[in-house]
Each structure stands twice: as C-alpha cells, then as structure tokens.
Amino acid sequence: MPELWYGIIVLSLAAYVVLDGYDLGAGALHLWVARDDRERREVLAAIGPYWDANEVWLLAAGGALLVAFPRAMSAGLSGFYLGVFLILWCLIGRGVSIEVRSHVEQPLWRTFWDTMFCVSSALLPVFFGVALANLIRGVPLTADGWFQLTLFTHFAPHAPVGLLDWYTVLAGVFALVALTAHGATFLAWRTEGAVHARSARAARVLYAAVVVLWIALTAATIAVRPGLLAALPQRPLAMLAAALALAGLVTVFVATARGRSLHAFLGSSTFLAGMLVATAACLFPALVPSIEGAGPPITAYDGGATDRGLATALGWWVAGFPLILAYFFVTYRLHRGKVKVGAEGY
C-alpha cells in the first residue's frame, strides 16, 4: 500500500509539472513573445481556461501526501517554511495578475500586472527546482525526523547546508529554462501569427539550452549524490521513464524542425514527466532523504498512515480521480484549436 500511494503522489506531481508547467512557462516568456496589449491578451487567452484548473494537481499531491504520509509532510512543511510561503505568494501574484490586468484601460496599470505575472511565473519554477534539488541532495534531519534550513550557509552542498547552494541553484535554473521551453511549445501550438512564430523560435533556442543544462545537472547530481543514478540500472521503471524522457527530448527537436507544434508540445510533456518519474523511482522509498551524517531519512514505510487508513483513503481516491479526468477532458475539448482574442480582456 505505501508503494501505491507513493506512485499516486508522483503521478499527481508529474501531472502538475506538465500541465501547470506550460502556463508557468508561458507567463515567464510572455513579455518576449508578445509585444503589445493584444498579443499579451492572446497569451493569456491561450492559458486562460486552464491555469487555475492545472493548479488542482498541486493540491491533489499535497492532499495525498497529508493523507498517506503525514509525518513526511509535517517535516517538509516546517523545514521548507520559507520556501512554502514564497511559493504561495507567487501563486497568489500570478492569479491576481491574470484576473485584474484588464480591469483598467491604462498602460501603466497593465504593464505593472504583466510584469508581476512574468516575475511570479518565472520564480515558481526556480523555487520548485530548488526544493527538488534539496530532496535529492538530502536535508539535515534530526534523529526524531525534523529539520530546519536557513536561506544559505557556505553555498556548498555539504553540511551545514541551506536552501541555496550551487547545486540547488543550478537545479532552479534548469527548472526555469525547461518550463519556459515547455511553455514556448504550448504557445506555438495554441497561437497564430507573430506570437506563434516567436514562440516556435524560442522553443528551439530554449530546448538547446535545456540539453546543456540537463547534462550539467546530471553530472552535478553524480557528484553530490552518486547513489541516486547508481540505482538507475537496477530499477526498470526508472530506466523506462528515463528512456521516455530522452525520446520526448528528441521528439521536441524533430517536431519543431518540421513545424509540428502539437507533437513538440507532447514531446516536451513526455520529457518532463519521464524525468520526474525517473528521479522519484531512484529516490524510492525515501520521501525526505537525509544528508550524510544526519539522522535517518523519512521513507514511505515509516512516514505514513496505517494500512487501514491508506486503504480507506484509496477508496475515496478511486471515486474522485475519474471525476478529475472527466473535468479536464471536457475543459480541453471545449477549448480545443487555435486561440481567438476577444475585443477586451482575455
């Protein structure tokens, strides 16, 4: 049962990264691919029907973590206290920016909210990348399963560590570039004209940067936590996910070269999901890994609820998950095709 719930959480997080990732990337990129008010409303129209629904997957992952692994969630929320609030402020900033930027027909007003939308959208991938890198590197857990991190210490990924060091910053930069590239493939698929052309060019450039950063981050991970990638050959699911990620990356380059925007977006989605699943499979069973010299890690076997509680929660998940899928199917079906910009708003 713990293995199943671990998979449910990874599935929810992968769905969040793929789905909310493209509108985070579109937001971070929109000041460059959209040059006037109409084009910026076109970008907002492309993500408008989906952005708030996509965030449901983050809530689903958090809810599953609370139900299945409450000890891991309580340790993570307290240890990443500063990071959690920065993420919440950025999520709020994005939502407010999207909803109020067209309420006043004044250039200064709209420029302010467009900038806020861009900044908050760009910071969120960095924060998520830094958080994941902290888990890969390990955190200074005490013997009773708690930890506390300052913003930074000596900027090296060995004890005493903070939220930021050269490894976690590299991961944050990689996450920003990868999700911005993902957003570019989505905008190239959903838009027309100048925004489409600029997004397609941006996707090619950004994915070239993704390849370079992915190689650098992989080498850094081997140096910081060699046991993680050493486990890859012994874990078939991780190998399959890594192969899918590589195939998705190849698909992006082939599809963008041939002007097939939808295929490029699907390849980008496969790359992100495969990379995340492969990482999670290599980390299993650790939920909150421990840095060398600290206390024992919190795992799926000692950080969870009872088997009876997990079985009861699984019944509710089985009932609710098809409803989520149906909602997303209807939403994407209703808003299929190239986006059309209205006379006002998005």
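The values are calculated or read from the model by the stated rules, or taken from the named source; none is laboratory data. The model shown is predicted, which means the values in this text are computed figures rather than measured ones. Please note: Cβ atoms are built from the backbone with ideal geometry, for glycine as well, and neighbour counts cover all protein chains shown.
Cβ separations smaller than 6 Å between residues 6+ apart or across chains give the following pairs from the range 47-67 residues that are surrounded by fewer than 18 Cβ atoms within 10 Å (Cβ to Cβ) to residues that are not in a helix (DSSP H, G or I): GLY48/TYR346; PRO49/HIS335.
Which one is farthest from VAL67 (Cα to Cα), of the residues in the range 251-271 that are small (Gly, Ala, Ser) and part of a helix (DSSP H, G or I)? Break it down stepwise before answering.
Step one: filter the range 251-271 for residues small (Gly, Ala, Ser), giving 255, 257, 259, 261, 264, 267-269.
Now narrow it down to the ones that are part of a helix (DSSP H, G or I): 255, 257, 261, 264, 267-269.
Working: ALA255: 41, ALA257: 45, SER261: 39, ALA264: 36, GLY267: 33, SER268: 31, SER269: 28 Å.
Only one residue tops the list, namely ALA257.
In the condition set (1) under 27 Å from CYS118 (Cβ atoms); (2) modelled with pLDDT under 95, LEU170 is compliant with all but (2). Among the residues of the range 130-167, those that are within 16 Å of the chain's Cα centre (by Cα) and free of Cβ contacts under 8 Å to residues at least 60 places away in the same chain comprise VAL130, ALA131, ALA133, ASN134.
On the given criteria, is THR168 crowded, with 19+ Cβ neighbours inside 10 Å and of a type in the set (Ser, Thr, Tyr)? Can you show your working first?
Details: crowded, with 19+ Cβ neighbours inside 10 Å: yes; of a type in the set (Ser, Thr, Tyr): yes.
Yes; evaluated as a whole, the condition is true for this residue.
Pairs are defined by a Cβ separation below 6 Å, a sequence spacing of at least 6 or placement on different chains, a first member in the range 184-211 that is within 16 Å of VAL339 (Cα to Cα), and a second member that is surrounded by fewer than 17 Cβ atoms within 10 Å (Cβ to Cβ); the pairs so defined are TRP189/LEU262; GLU192/LYS338. Restricting THR185, THR180, THR218 to those that are assigned to a helix (DSSP H, G or I), out of contact with any strand residue (DSSP E or B) (no Cβ under 8 Å at 6 or more places or on another chain), surrounded by fewer than 24 Cβ atoms within 10 Å (Cβ to Cβ) and of a type in the set (S, T, N, Q) reduces the list to THR218. Considering only the range 318-334, how many residues are more than 22 Å from the chain's Cα centre (by Cα) and touching a residue at least 40 places away in the same chain (Cβ under 8 Å)? Here the count works out to 1. Per the listing THR218, THR180, THR251, the residue uniquely free of Cβ contacts under 8 Å to residues at least 40 places away in the same chain and closer than 30 Å to PHE152 by Cβ is THR218.
On the given criteria, is VAL139 modelled with pLDDT of 85 or more and under 24 Å from PRO2 (Cβ atoms)? So VAL139 passes the test. Of the residues in the range 191-203, at least one is buried (at least 23 other Cβ atoms within 10 Å of the Cβ), under 18 Å from the mean Cα position of the chain (by Cα) and not in a strand (DSSP E or B).
State yes or no: is GLY227 loosely packed, with under 15 Cβ neighbours inside 10 Å, under 30 Å from GLN148 (Cα atoms) and either in contact with a strand residue (DSSP E or B) (Cβ under 9 Å, 6 or more places away or on another chain) or in contact (Cβ under 8 Å) with a residue 24 or more places away in the chain (or both)?
Details: loosely packed, with under 15 Cβ neighbours inside 10 Å: yes; under 30 Å from GLN148 (Cα atoms): yes; either in contact with a strand residue (DSSP E or B) (Cβ under 9 Å, 6 or more places away or on another chain) or in contact (Cβ under 8 Å) with a residue 24 or more places away in the chain (or both): no.
Judged against the criteria, GLY227 is not a match.
Scanning the range 107-129 for residues that are hydroxyl-bearing (Ser, Thr, Tyr) and either crowded, with 19+ Cβ neighbours inside 10 Å or free of Cβ contacts under 8 Å to residues at least 40 places away in the same chain (or both) yields THR111, SER120, SER121. Selection within the range 146-163: residues that are crowded, with 19+ Cβ neighbours inside 10 Å and touching a Gly at 6+ places or on another chain (Cβ under 7 Å). The member of this set that is nearest to VAL18 (Cα to Cα) is LEU163. Pick from VAL252, VAL330: which is out of contact with any Pro (no Cβ under 7 Å at 6 or more places or on another chain), exposed (fewer than 15 other Cβ atoms within 10 Å of the Cβ), modelled with pLDDT of 85 or more and aliphatic (A, V, I, L, M)? Of the residues listed, the single one that is out of contact with any Pro (no Cβ under 7 Å at 6 or more places or on another chain), exposed (fewer than 15 other Cβ atoms within 10 Å of the Cβ), modelled with pLDDT of 85 or more and aliphatic (A, V, I, L, M) is VAL330. Taking the criterion of being under 16 Å from VAL119 (Cβ atoms) and in a loop (DSSP other than H, G, I, E, B), the only residue of the range 17-55 that qualifies is ALA34. The condition (being under 23 Å from GLU55 (Cα atoms), polar (S, T, N, Q) and either at pLDDT below 90 or out of contact with any Pro (no Cβ under 9 Å at 6 or more places or on another chain) (or both)) is satisfied by just one residue among SER290, SER261, SER268: SER268. When GLY295, GLY274, GLY309 are checked against the criterion of being more than 21 Å from the chain's Cα centre (by Cα) and not in a loop (DSSP other than H, G, I, E, B), GLY309 stands alone in meeting it.
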